1. Label points 7 Å out from Cα along the Cβ direction at ALA177 and ARG114: separation in nm?
2. Run the accessible area of the stretch 75-197 with a 1.4 Å probe and give the carbon-and-sulfur part as a rounded percent.
3. Read phi for every residue in the stretch 116-132 and hand back ³J(HN,Hα) as whole Hz from Karplus 6.51 cos²θ - 1.76 cosθ + 1.60, θ = phi - 60°, with x for Gly and Pro.
4. State the answer as a single residue: which of GLY146, GLY104, SER57 lies farthest towards the positive end of the charge dipole of the stretch 51-168, with beta carbon charges of +1 for Lys and Arg and -1 for Asp and Glu, about the Cα centre.
5. How far apart, in nm, are two points set 7 Å out from the Cα along the Cα-to-Cβ line at TYR105 and at LEU207?
6. Treat each spin label as a single point 7 Å out from the Cα along the C-beta direction, and report the ARG127 to ARG56 distance in nm.
7. How large is the dipole of the stretch 43-190 about the Cα centre if only Lys and Arg carry +1 and Asp and Glu carry -1, each at its Cβ, rounded to the nearest 20 debye?
8. Remind me, relative contact order of the stretch 147-209 in percent, using alpha carbon pairs under 8 angstrom and six or more residues apart?
Amino acid sequence: HQGFGQIGIQLVKNRLSQSLGNSLGQYFNDSTHGISLLFSFLDPLFHGSGGLLDYRSRHPRRAATARTEAQFGGFGLRRAHGAFAGQHEALAYRVAATRLQQDGYRDQSEVERRNAGLYLDHQQGRRNWFAILNHLYNPLAEDPGGLTYEEWQSDPEQAAPLASSMDTGQRVDQNIASLGMVHRFEAPDHKLRLQTWLTERDFQQQLPF
């Protein structure tokens, strides 16, 4: 998923921004438990554009689970995913990892992505302390570019001339660490949440010019 421009869709996971510095964003929903789509009352002024996608991961305090997946598809798609959640006394934890590769339908459209995450939650009475760690390594995401009608008629699988010569695409190496606390009050549905995070991101993009 990605959003474009100042009024583009913003991506948030576990209250952590997934948007890049150029307003684009990346997020992969291998461990998503719920999604909320929020809009501002100003959105009609921009013809419905914009908004916020709020993803929430599976909480480690849910029933202990172990899951592995393997997926094979067209154009060289290969995907492997594994996740495990458990609990030991007051500490609950969830770990997950995913690797995806695909050759792509067109030239200059290969992609490779690895993602790993850890979610820890320690319960202390009415208070829960949590830590979230996430690593995304996307070393290869080629961009074949657009074709003219004549180029498409000649060979729909080819890449745009400049895309091949300039090796267009992007690379992302990202780490996110977050610490937080949730305190539940006696009144139903009343709680206080405090959260801080640190993001380190190395983003490179080659455009066809």
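1. 2.0
2. Values: 3940 of 7060 Å².
Taking all protein chains in place, the stretch 75-197 shows 56 percent carbon and sulfur surface.
3. Result, rounded to whole Hz: 9, x, 9, 10, 10, 9, 10, 8, 9, x, 7, 10, 10, 9, 9, 9, 10.
4. Checked the options; the winner is SER57.
5. Each label point is offset 7 Å from its Cα along the Cβ direction, giving 2.5 nm.
6. That separation, rounded to one decimal, is 2.3 nm.
7. Numbers: 16 positive and 19 negative charges, 261 e Å.
Dipole size: approximately 1260 debye.
8. Details: 74 pairs, mean separation 24.6, N = 63.
Worked out over the stretch 147-209, it gives 39 percent.
The values are calculated or read from the model by the stated rules, or taken from the named source; none is laboratory data. As the structure is a prediction and not an experimental result, all values here were calculated from the model. Quick reminder, even Gly has a Cβ in these numbers, built from the backbone with ideal geometry, and neighbours come from all protein chains shown. Note: areas computed on protein heavy atoms with side chains; ligands, DNA, RNA excluded. Shrake-Rupley method; radii C 1.70, N 1.55, O 1.52, S 1.80 Å.
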